[in-house]
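Okay, so here's the structure we're looking at.
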């Protein structure tokens with residue numbers, strides 16, 4: 001069967017890949033690989049502020065935002081899938097890394113500001129942001145193996161051509177920490193802890 005990738009429909013980002021065995025055929029449906037939601041785990045970076053246990057250790061991306069595709073094996077795909085996107089063919093497309101000191105996501109009480117390192121050229125840049133924070137229980141995550149409970153916001157937006165920044169409105173609690181998955185079309189995916197300022 002070969003390599004099957006799970007990717008975000010809006011931005012093309014690959015979130016995971018599975019090397020499956022079996023006869024050739026179409027990619028396995030996303031529901032068989034991810035169920036109702038695909039969890040992505042966040043790992044603290046030593047020396048970086050992370051809110052400790054004030055935010056969940058993962059973000060859940062609901063299956064309705066996902067799709068699967070057959071793909072060729074390329075170096076680093078299985079280890080770092082967020083560095084790749086699906087393209088027009090079977091070969092995953094490498095994405096642009098963020099500048100080393102880049103802090104593209106800023107959380108405020110009235111929304112999210114996403115700033116690209118470079119101006120979006122030619123056409124708008126599709127954006128999907130997933131915020132996971134402690135609070136409201138999630139019906140679809142009630143049986144989470146790590147017991148993480150919280151609220152999840154999945155927000156779509158775009159950076160218009162000729163611009164570097166977009167704002168997405170959402171009400172957030174001052175000083176709260178969130179696990180944030182940021183997917184901007186053409187850029188490496190980011191999974192990190194961010195505090196509302």
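The values are calculated or read from the model by the stated rules, or taken from the named source; none is laboratory data. Just so we're clear, the structure is a prediction, and the values are computed from it rather than from any experiment. Please note: Cβ atoms are built from the backbone with ideal geometry, for glycine as well, and neighbour counts cover all protein chains shown.
Structure data summary
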item	result
Matching residues, the range 41-82, being crowded, with 16+ Cβ neighbours inside 10 Å, at pLDDT 90 or above and under 20 Å from residue 103 (Cα atoms)	82
Residue match in the range 160-168 (condition: within 27 Å of residue 95 (Cα to Cα) and buried (at least 19 other Cβ atoms within 10 Å of the Cβ))	yes
Selection count, the range 122-144, where residues are modelled with pLDDT under 80 and more than 20 Å from the chain's Cα centre (by Cα)	6
Filter result (assigned to a loop (DSSP other than H, G, I, E, B), within 21 Å of residue 184 (Cβ to Cβ) and touching a strand residue (DSSP E or B) at 6+ places or on another chain (Cβ under 6 Å)) within the range 56-91	77, 86, 87
